[in-house]
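To start, the structure itself, in structure tokens.
The values are calculated or read from the model by the stated rules, or taken from the named source; none is laboratory data. This structure is a prediction, so every number in the text was calculated from the model and none was measured. Neighbour counts are summed over all protein chains in view; Cβ atoms, including those assigned to glycine, are modelled from backbone coordinates with ideal geometry.
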Amino acid sequence: MAIPVKLEVFEGPLDLLLHLIDKNKVDIYDIPIVEITAQYLEYIQQLEANDMNVMSEFLVMAATLIDIKCRMLLPKEVNEEGEEEDPRAELVQKLLEYKMYKYMSMELRDRQMDAARNLYREQKLPEEVAAYRQPIDYEELMGDMTLTKLHEIFKSIVKKQVDKIDPIRSKYGNIEKEEIDMDAKMLYVEAYAREHRNFSFRKLLEKQSSRMEIIVTFLIILELMRTGKIEISQKDIFGDIMITSKAGEVREAAAGI
């Protein structure tokens, strides 16, 4: 019959390593990696693999310890400054950081428990004391202040508030999103092009009621030009752009004319 063994519960592999270091009373900066690795492997062999996520963390640390153990058997590596590198250095740094955070959490837990035992009496003052208001001597408060000085102070405050106003952004209103149906606008421009056959781009834009409609119309003209439904021409560099619809040519070609 197997003898049941009750294992201590550790929060993670670093917690287990700190326990083994304290148990063996060794210097954390000079960990006897062979002895600690053997005890660590002995512990995880007794773990019940109910939670594979937790078990995988312990196995990763076991692999790290074995890797450090192997590296310590090899000739020591030398860094760029010519100093020998200790394979345990990174592990020692993680242990020190974990130990610091662990002790900090214990200190915060103790403070929370102490705070829960503190009781405070509700403040209760006599009504005449709570209702008391210290009298104000307006003459002493005003001192040598005059209406002229008050007016100067008021003007300086108003000027500071005016200086804070952005002369450009303060004139902006609320920006409202303008909804435009692209499909409907496309049908409108195509119908306009079929009806007029040859028309001015400027006049087409002048018929639009908003800036957003002008932008959308411009994009639609570019799309119609890309698909070959219209052609554009311009006699002068800054002259008006003329648009010619090719819808009639397509119909004539389809009819065999």
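Filtered by the rule that a residue be within 14 Å of F199 (Cβ to Cβ), small (G, A, S) and at pLDDT 80 or above, region 228-257 gives S233, S245. Taking into account only those residues within region 75-121 that are under 27 Å from P32 (Cβ atoms) and of a type in the set (S, T, N, Q), which is surrounded by the most Cβ atoms within 10 Å (Cβ to Cβ)? By that ranking, first place goes to Q93. Is there a residue being exposed (fewer than 11 other Cβ atoms within 10 Å of the Cβ) and aliphatic (A, V, I, L, M) anywhere in region 20-43? Looking through region 20-43, none of the residues is exposed (fewer than 11 other Cβ atoms within 10 Å of the Cβ) and aliphatic (A, V, I, L, M).
For the subset of region 45-103 comprising residues that are basic (K, R) and at pLDDT 85 or above, which member is farthest from D15 (Cα to Cα)?
Going through the qualifying residues, I end up with K94.
Exactly one residue out of I230, I214 is under 19 Å from K246 (Cβ atoms) and surrounded by 12 or more Cβ atoms within 10 Å (Cβ to Cβ), and it is I230.
Determine whether region 145-161 contains at least one residue that is at pLDDT below 80 and either assigned to a loop (DSSP other than H, G, I, E, B) or within 30 Å of L17 (Cα to Cα) (or both). Yes, because at least one residue in region 145-161 is at pLDDT below 80 and either assigned to a loop (DSSP other than H, G, I, E, B) or within 30 Å of L17 (Cα to Cα) (or both).
Looking at this structure, is K124 touching a residue at least 40 places away in the same chain (Cβ under 8 Å) and either charged (D, E, K, R) or surrounded by 10 or more Cβ atoms within 10 Å (Cβ to Cβ) (or both)? For K124, the condition - touching a residue at least 40 places away in the same chain (Cβ under 8 Å) and either charged (D, E, K, R) or surrounded by 10 or more Cβ atoms within 10 Å (Cβ to Cβ) (or both) - is not met.
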